[in-house]
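The values are calculated or read from the model by the stated rules, or taken from the named source; none is laboratory data. Keep in mind that this is a model prediction, so the values were computed, not measured. Cβ atoms come from the backbone with ideal geometry, glycine included; neighbour counts cover every protein chain shown. Protein only, heavy atoms only, side chains kept; ligands, DNA and RNA dropped before computing areas. Shrake-Rupley method; radii C 1.70, N 1.55, O 1.52, S 1.80 Å.
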Amino acid sequence: MADKQISLPAKLINGGIAGLIGVTCVFPIDLAKTRLQNQQNGQRIYSSMSDCLIKTIRSDGYFGMYRGAAVNLTLVTPEKAIKLAANDFFRQMFSKDGKKLTLIKEMLAGCGAGTCQVIVTTPMEMLKIQLQDAGRLAAQQKLMAAQAVPSSPSGSPISSTSHTTSSIKSQRSATQITKELLRSKGIAGLYKGLGATLLRDVPFSMIYFPLFANLNKQGQKSSDERAPFYVSFISGCIAGSTAAVVVNPCDVIKTRLQSLQRGINEDSYSGIIDCTRKIWRNEGARAFLKGAYCRALVIAPLFGIAQVVYFLGIAETMLEMLPSRRY
(Lines give C-alpha, C1' and ligand atoms only; values in the text may rest on other atoms or scores of the structure.)
Protein backbone atom coordinates (compact mmCIF):
# COMPACT_ATOMS: atom_id res chain seq x y z
CA MET A 1 0.00 0.00 0.00
CA ALA A 2 1.49 3.27 -0.97
CA ASP A 3 1.20 5.69 1.89
CA LYS A 4 -0.37 8.96 0.89
CA GLN A 5 -0.83 12.37 2.43
CA ILE A 6 -4.42 13.11 3.35
CA SER A 7 -5.46 16.44 4.78
CA LEU A 8 -6.92 16.70 8.27
CA PRO A 9 -10.37 17.80 7.01
CA ALA A 10 -10.43 14.77 4.71
CA LYS A 11 -9.53 12.48 7.61
CA LEU A 12 -12.37 13.95 9.68
CA ILE A 13 -14.82 13.45 6.82
CA ASN A 14 -13.57 9.91 6.24
CA GLY A 15 -14.01 9.10 9.92
CA GLY A 16 -17.46 10.68 9.94
CA ILE A 17 -18.65 8.75 6.88
CA ALA A 18 -17.37 5.43 8.20
CA GLY A 19 -18.77 6.15 11.67
CA LEU A 20 -22.20 7.18 10.40
CA ILE A 21 -22.54 4.07 8.26
CA GLY A 22 -21.17 1.87 11.02
CA VAL A 23 -23.48 3.20 13.74
CA THR A 24 -26.51 2.91 11.49
CA CYS A 25 -25.79 -0.63 10.30
CA VAL A 26 -24.16 -2.45 13.20
CA PHE A 27 -24.98 -0.56 16.41
CA PRO A 28 -27.76 -2.99 17.45
CA ILE A 29 -25.20 -5.81 17.35
CA ASP A 30 -22.89 -3.73 19.55
CA LEU A 31 -25.73 -3.23 22.02
CA ALA A 32 -26.25 -7.01 22.16
CA LYS A 33 -22.51 -7.47 22.71
CA THR A 34 -22.48 -5.12 25.70
CA ARG A 35 -25.49 -6.77 27.33
CA LEU A 36 -24.17 -10.30 26.78
CA GLN A 37 -20.76 -9.36 28.18
CA ASN A 38 -22.27 -7.80 31.29
CA GLN A 39 -24.39 -10.85 32.09
CA GLN A 40 -23.00 -12.83 34.99
CA ASN A 41 -23.97 -16.26 36.29
CA GLY A 42 -27.34 -16.00 37.98
CA GLN A 43 -29.97 -13.77 36.39
CA ARG A 44 -29.29 -14.36 32.69
CA ILE A 45 -31.79 -12.41 30.63
CA TYR A 46 -30.45 -13.19 27.14
CA SER A 47 -29.29 -16.50 25.69
CA SER A 48 -27.83 -15.18 22.43
CA MET A 49 -27.46 -12.12 20.21
CA SER A 50 -30.75 -12.78 18.38
CA ASP A 51 -32.58 -13.40 21.67
CA CYS A 52 -31.24 -10.11 23.03
CA LEU A 53 -32.33 -8.11 19.97
CA ILE A 54 -35.79 -9.71 19.85
CA LYS A 55 -36.41 -9.01 23.55
CA THR A 56 -35.11 -5.45 23.17
CA ILE A 57 -37.53 -4.75 20.32
CA ARG A 58 -40.42 -6.23 22.30
CA SER A 59 -39.72 -4.14 25.41
CA ASP A 60 -38.33 -0.88 23.96
CA GLY A 61 -39.35 -0.88 20.30
CA TYR A 62 -37.11 -0.73 17.25
CA PHE A 63 -35.22 2.36 18.40
CA GLY A 64 -34.45 0.66 21.70
CA MET A 65 -31.67 -1.11 19.80
CA TYR A 66 -30.02 2.28 19.23
CA ARG A 67 -29.73 3.40 22.86
CA GLY A 68 -26.37 5.12 23.16
CA ALA A 69 -25.99 5.56 19.39
CA ALA A 70 -26.01 9.36 19.70
CA VAL A 71 -22.87 9.24 21.84
CA ASN A 72 -21.14 7.03 19.30
CA LEU A 73 -22.29 9.18 16.40
CA THR A 74 -20.96 12.31 18.08
CA LEU A 75 -17.56 10.98 19.07
CA VAL A 76 -16.81 8.33 16.46
CA THR A 77 -15.66 10.95 13.92
CA PRO A 78 -12.74 12.28 15.99
CA GLU A 79 -12.01 8.77 17.27
CA LYS A 80 -11.65 7.30 13.78
CA ALA A 81 -9.77 10.37 12.55
CA ILE A 82 -7.27 10.11 15.43
CA LYS A 83 -6.78 6.36 14.91
CA LEU A 84 -6.21 6.55 11.14
CA ALA A 85 -4.20 9.78 11.26
CA ALA A 86 -1.98 8.57 14.10
CA ASN A 87 -1.25 5.30 12.31
CA ASP A 88 -0.29 7.27 9.17
CA PHE A 89 1.92 9.60 11.21
CA PHE A 90 3.82 6.80 12.93
CA ARG A 91 4.18 4.80 9.69
CA GLN A 92 5.66 7.83 7.96
CA MET A 93 7.93 8.53 10.94
CA PHE A 94 9.27 4.95 10.94
CA SER A 95 9.81 4.96 7.16
CA LYS A 96 11.81 8.18 6.86
CA ASP A 97 14.89 6.20 5.90
CA GLY A 98 13.10 5.12 2.73
CA LYS A 99 13.19 1.46 3.66
CA LYS A 100 10.19 -0.85 3.68
CA LEU A 101 8.44 -1.01 7.05
CA THR A 102 9.23 -4.16 8.98
CA LEU A 103 6.48 -6.01 10.85
CA ILE A 104 7.84 -4.71 14.16
CA LYS A 105 7.65 -1.10 12.96
CA GLU A 106 4.13 -1.66 11.62
CA MET A 107 3.10 -3.00 15.02
CA LEU A 108 4.73 -0.03 16.78
CA ALA A 109 2.81 2.35 14.49
CA GLY A 110 -0.40 0.54 15.42
CA CYS A 111 0.56 0.73 19.09
CA GLY A 112 0.93 4.51 18.77
CA ALA A 113 -2.45 4.80 17.03
CA GLY A 114 -4.19 2.72 19.70
CA THR A 115 -2.63 4.78 22.48
CA CYS A 116 -3.68 8.09 20.92
CA GLN A 117 -7.30 7.12 20.26
CA VAL A 118 -8.17 6.33 23.91
CA ILE A 119 -8.39 10.09 24.52
CA VAL A 120 -11.78 9.94 22.80
CA THR A 121 -12.58 6.22 23.04
CA THR A 122 -12.65 5.95 26.84
CA PRO A 123 -15.36 8.57 27.59
CA MET A 124 -17.30 7.48 24.49
CA GLU A 125 -17.36 3.86 25.63
CA MET A 126 -18.04 4.90 29.23
CA LEU A 127 -21.24 6.75 28.32
CA LYS A 128 -22.34 4.29 25.64
CA ILE A 129 -22.12 1.29 27.99
CA GLN A 130 -24.37 2.93 30.64
CA LEU A 131 -27.05 3.62 28.05
CA GLN A 132 -26.79 0.22 26.37
CA ASP A 133 -26.90 -1.79 29.59
CA ALA A 134 -29.80 0.11 31.16
CA GLY A 135 -32.33 -2.05 29.30
CA ARG A 136 -30.76 -5.26 30.60
CA LEU A 137 -30.91 -4.02 34.19
CA ALA A 138 -34.52 -2.92 33.78
CA ALA A 139 -35.46 -6.31 32.31
CA GLN A 140 -33.74 -8.06 35.20
CA GLN A 141 -35.67 -5.96 37.72
CA LYS A 142 -38.99 -6.77 36.03
CA LEU A 143 -38.16 -10.47 36.04
CA MET A 144 -37.27 -10.41 39.74
CA ALA A 145 -40.46 -8.50 40.54
CA ALA A 146 -42.55 -11.04 38.62
CA GLN A 147 -40.87 -13.93 40.43
CA ALA A 148 -41.48 -12.27 43.79
CA VAL A 149 -45.26 -11.85 43.34
CA PRO A 150 -46.28 -15.48 44.16
CA SER A 151 -44.10 -15.49 47.26
CA SER A 152 -46.21 -12.91 49.08
CA PRO A 153 -47.47 -14.36 52.41
CA SER A 154 -50.81 -12.63 52.07
CA GLY A 155 -51.27 -13.77 48.51
CA SER A 156 -51.51 -10.18 47.27
CA PRO A 157 -49.15 -8.83 44.62
CA ILE A 158 -45.95 -7.30 45.94
CA SER A 159 -45.52 -3.63 45.19
CA SER A 160 -42.96 -2.93 42.49
CA THR A 161 -42.51 0.74 43.38
CA SER A 162 -38.82 0.35 44.22
CA HIS A 163 -38.19 -1.47 40.96
CA THR A 164 -40.05 1.17 38.98
CA THR A 165 -38.09 3.97 40.64
CA SER A 166 -34.83 2.23 39.89
CA SER A 167 -35.90 1.60 36.30
CA ILE A 168 -36.76 5.26 35.83
CA LYS A 169 -33.38 6.20 37.23
CA SER A 170 -31.71 3.94 34.70
CA GLN A 171 -33.29 5.86 31.81
CA ARG A 172 -30.77 8.68 32.12
CA SER A 173 -29.38 10.54 29.13
CA ALA A 174 -25.70 10.80 28.23
CA THR A 175 -25.74 14.45 29.28
CA GLN A 176 -27.12 13.60 32.74
CA ILE A 177 -24.55 10.83 33.22
CA THR A 178 -21.74 13.18 32.16
CA LYS A 179 -22.86 15.89 34.58
CA GLU A 180 -23.13 13.40 37.46
CA LEU A 181 -19.67 11.98 36.79
CA LEU A 182 -18.06 15.41 36.47
CA ARG A 183 -19.77 16.62 39.64
CA SER A 184 -18.85 13.57 41.73
CA LYS A 185 -15.49 12.48 40.33
CA GLY A 186 -14.30 15.20 37.99
CA ILE A 187 -12.84 14.48 34.55
CA ALA A 188 -11.41 11.22 35.93
CA GLY A 189 -14.97 9.89 36.15
CA LEU A 190 -15.26 9.89 32.36
CA TYR A 191 -11.95 8.03 32.10
CA LYS A 192 -12.86 5.13 34.35
CA GLY A 193 -11.48 1.97 32.75
CA LEU A 194 -8.72 3.85 30.92
CA GLY A 195 -6.21 1.09 31.66
CA ALA A 196 -8.56 -1.60 30.37
CA THR A 197 -9.30 0.48 27.26
CA LEU A 198 -5.57 0.73 26.56
CA LEU A 199 -5.25 -3.00 27.20
CA ARG A 200 -7.85 -3.58 24.46
CA ASP A 201 -7.12 -0.87 21.89
CA VAL A 202 -3.32 -1.00 21.80
CA PRO A 203 -3.12 -4.76 21.01
CA PHE A 204 -6.06 -4.36 18.61
CA SER A 205 -4.25 -1.71 16.59
CA MET A 206 -0.98 -3.64 16.74
CA ILE A 207 -2.77 -6.59 15.11
CA TYR A 208 -5.19 -4.74 12.84
CA PHE A 209 -3.00 -2.23 10.99
CA PRO A 210 -0.11 -4.56 10.02
CA LEU A 211 -2.56 -7.33 9.06
CA PHE A 212 -4.64 -4.96 6.95
CA ALA A 213 -1.58 -3.45 5.25
CA ASN A 214 -0.21 -6.86 4.29
CA LEU A 215 -3.58 -8.24 3.13
CA ASN A 216 -4.33 -5.09 1.14
CA LYS A 217 -0.90 -5.30 -0.45
CA GLN A 218 -1.85 -8.59 -2.07
CA GLY A 219 -4.33 -6.76 -4.28
CA GLN A 220 -1.83 -4.20 -5.59
CA LYS A 221 -0.33 -4.72 -9.03
CA SER A 222 2.53 -2.39 -8.09
CA SER A 223 3.64 -0.42 -5.04
CA ASP A 224 2.49 2.85 -6.66
CA GLU A 225 -1.08 1.69 -7.33
CA ARG A 226 -4.01 1.39 -4.97
CA ALA A 227 -5.62 -1.96 -4.40
CA PRO A 228 -9.16 -2.36 -5.80
CA PHE A 229 -11.85 -1.16 -3.42
CA TYR A 230 -13.17 -4.67 -2.80
CA VAL A 231 -9.68 -5.80 -1.73
CA SER A 232 -9.49 -2.92 0.77
CA PHE A 233 -12.96 -3.78 2.05
CA ILE A 234 -12.26 -7.51 2.45
CA SER A 235 -8.85 -6.78 3.99
CA GLY A 236 -10.45 -4.39 6.50
CA CYS A 237 -13.14 -6.95 7.37
CA ILE A 238 -10.68 -9.80 7.87
CA ALA A 239 -8.17 -7.72 9.83
CA GLY A 240 -10.88 -6.11 11.95
CA SER A 241 -12.71 -9.30 12.87
CA THR A 242 -9.45 -11.14 13.61
CA ALA A 243 -8.17 -8.40 15.91
CA ALA A 244 -11.59 -8.07 17.56
CA VAL A 245 -11.77 -11.74 18.54
CA VAL A 246 -8.16 -11.85 19.76
CA VAL A 247 -8.64 -8.92 22.17
CA ASN A 248 -12.20 -9.84 23.22
CA PRO A 249 -11.13 -10.93 26.74
CA CYS A 250 -9.82 -7.39 27.28
CA ASP A 251 -13.11 -5.99 25.95
CA VAL A 252 -15.10 -8.08 28.44
CA ILE A 253 -12.94 -6.76 31.30
CA LYS A 254 -13.29 -3.17 30.05
CA THR A 255 -17.07 -3.46 29.75
CA ARG A 256 -17.41 -4.85 33.29
CA LEU A 257 -15.15 -2.16 34.80
CA GLN A 258 -16.91 0.72 33.05
CA SER A 259 -20.43 -0.35 34.06
CA LEU A 260 -21.56 1.94 36.88
CA GLN A 261 -24.71 -0.02 37.80
CA ARG A 262 -24.84 -3.71 38.69
CA GLY A 263 -27.63 -6.23 38.40
CA ILE A 264 -28.90 -8.30 41.31
CA ASN A 265 -26.21 -10.56 42.82
CA GLU A 266 -23.61 -9.40 40.29
CA ASP A 267 -19.96 -8.93 41.24
CA SER A 268 -18.27 -5.54 41.57
CA TYR A 269 -14.64 -5.05 40.63
CA SER A 270 -11.81 -2.93 42.01
CA GLY A 271 -9.52 -3.16 39.00
CA ILE A 272 -8.27 -5.18 36.04
CA ILE A 273 -6.64 -7.95 38.09
CA ASP A 274 -9.61 -8.26 40.47
CA CYS A 275 -12.04 -8.39 37.52
CA THR A 276 -9.97 -11.02 35.70
CA ARG A 277 -9.70 -13.18 38.82
CA LYS A 278 -13.44 -13.04 39.63
CA ILE A 279 -14.55 -13.77 36.06
CA TRP A 280 -12.17 -16.75 35.88
CA ARG A 281 -13.26 -18.10 39.27
CA ASN A 282 -17.01 -17.52 39.02
CA GLU A 283 -17.74 -17.89 35.32
CA GLY A 284 -14.84 -19.82 33.82
CA ALA A 285 -12.55 -19.16 30.87
CA ARG A 286 -15.42 -19.12 28.34
CA ALA A 287 -16.77 -15.93 29.90
CA PHE A 288 -13.84 -14.03 28.37
CA LEU A 289 -15.25 -14.85 24.92
CA LYS A 290 -18.73 -13.48 25.65
CA GLY A 291 -19.90 -11.33 22.77
CA ALA A 292 -16.88 -12.27 20.62
CA TYR A 293 -18.95 -13.06 17.53
CA CYS A 294 -21.01 -9.89 18.06
CA ARG A 295 -17.83 -7.82 18.25
CA ALA A 296 -16.47 -9.46 15.09
CA LEU A 297 -19.75 -8.68 13.28
CA VAL A 298 -19.52 -5.04 14.43
CA ILE A 299 -15.84 -4.44 13.72
CA ALA A 300 -15.57 -6.26 10.36
CA PRO A 301 -17.93 -4.06 8.26
CA LEU A 302 -17.07 -0.91 10.23
CA PHE A 303 -13.35 -1.15 9.47
CA GLY A 304 -13.97 -2.52 5.99
CA ILE A 305 -16.04 0.55 5.17
CA ALA A 306 -13.54 2.86 6.91
CA GLN A 307 -10.64 1.56 4.86
CA VAL A 308 -12.55 1.75 1.57
CA VAL A 309 -13.52 5.36 2.29
CA TYR A 310 -10.02 6.18 3.49
CA PHE A 311 -8.01 4.58 0.73
CA LEU A 312 -10.28 5.55 -2.15
CA GLY A 313 -9.92 9.18 -1.06
CA ILE A 314 -13.67 9.84 -1.07
CA ALA A 315 -13.25 12.80 1.27
CA GLU A 316 -10.47 14.25 -0.89
CA THR A 317 -12.78 14.10 -3.91
CA MET A 318 -15.58 15.77 -1.95
CA LEU A 319 -13.28 18.60 -0.88
CA GLU A 320 -12.00 19.10 -4.42
CA MET A 321 -15.60 19.48 -5.64
CA LEU A 322 -16.21 22.38 -3.24
CA PRO A 323 -15.81 25.81 -4.86
CA SER A 324 -12.59 27.50 -3.76
CA ARG A 325 -13.00 30.75 -1.88
CA ARG A 326 -10.58 33.56 -1.58
CA TYR A 327 -10.60 35.99 1.27
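Pick from the stretch 92-117 the residues that are of a type outside the set (Gly, Ala, Ser) and buried (at least 22 other Cβ atoms within 10 Å of the Cβ): which of them is farthest from Ala18 (Cα to Cα)?
Here is the first cut: in the stretch 92-117, the ones of a type outside the set (Gly, Ala, Ser) are 92-94, 96-97, 99-108, 111, 115-117.
Remaining after also requiring buried (at least 22 other Cβ atoms within 10 Å of the Cβ): 106, 117.
Numbers: Glu106: 23, Gln117: 16 Å.
Among residues in the stretch 92-117 that are of a type outside the set (Gly, Ala, Ser) and buried (at least 22 other Cβ atoms within 10 Å of the Cβ), the one farthest from Ala18 (Cα to Cα) is Glu106.
Output yes when any residue across the stretch 222-229 is modelled with pLDDT under 90 and either within 27 Å of Ile279 (Cα to Cα) or buried (at least 20 other Cβ atoms within 10 Å of the Cβ) (or both), and no when none is. Walk me through it before giving the result.
Of all residues in the stretch 222-229, those modelled with pLDDT under 90 come to 222-229.
From what's left, either within 27 Å of Ile279 (Cα to Cα) or buried (at least 20 other Cβ atoms within 10 Å of the Cβ) (or both): 227.
Yes, because at least one residue in the stretch 222-229 is modelled with pLDDT under 90 and either within 27 Å of Ile279 (Cα to Cα) or buried (at least 20 other Cβ atoms within 10 Å of the Cβ) (or both).
Among the listed residues Gly193, Gly240, Gly284, Gly263, identify the single one that is in contact (Cβ under 8 Å) with a residue 24 or more places away in the chain, on the phi > 0 side of the Ramachandran plot and among the small types (Gly, Ala, Ser). Can you show your working first?
Details: Gly240 fails: on the phi > 0 side of the Ramachandran plot; Gly284 fails: in contact (Cβ under 8 Å) with a residue 24 or more places away in the chain; Gly263 fails: on the phi > 0 side of the Ramachandran plot.
Sole residue among the options that is in contact (Cβ under 8 Å) with a residue 24 or more places away in the chain, on the phi > 0 side of the Ramachandran plot and among the small types (Gly, Ala, Ser): Gly193.
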Check your understanding: Considering the stretch 205-214 alone, what residues qualify as being open to solvent by less than 10 Å² (accessible area, probe 1.4 Å) and either modelled with pLDDT of 95 or more or among the aliphatic types (A, V, I, L, M) (or both)?
Key -> Ala213
Check your understanding: List, please: which pairs have Cβ atoms under 8 Å, are six or more places apart or on different chains, and start with a residue in the stretch 202-230 that is touching a residue at least 60 places away in the same chain (Cβ under 8 Å) and over 15 Å from Leu101 (Cβ atoms) and end with one that is among the charged types (D, E, K, R) and part of a helix (DSSP H, G or I)?
Key -> Ala227/Lys217
Check your understanding: Hey, any hits in the stretch 285-302 for a residue that's over 28 Å from Thr178 (Cα atoms), modelled with pLDDT under 90 and open to solvent by less than 20 Å² (accessible area, probe 1.4 Å)?
Key -> yes
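Please go through the stretch 29-50 and give me each residue that is in a helix (DSSP H, G or I) and either farther than 26 Å from Ser268 by Cα or at pLDDT below 90 (or both), ordered by number.
Pass one, the stretch 29-50, residues in a helix (DSSP H, G or I): 29-38, 49-50.
Passing the criteria: only Ser50.
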Review point. Which one is surrounded by the fewest Cβ atoms within 10 Å (Cβ to Cβ) among residues in the stretch 249-281 that are more than 22 Å from the chain's Cα centre (by Cα) and assigned to a helix (DSSP H, G or I)?
Key: Arg281
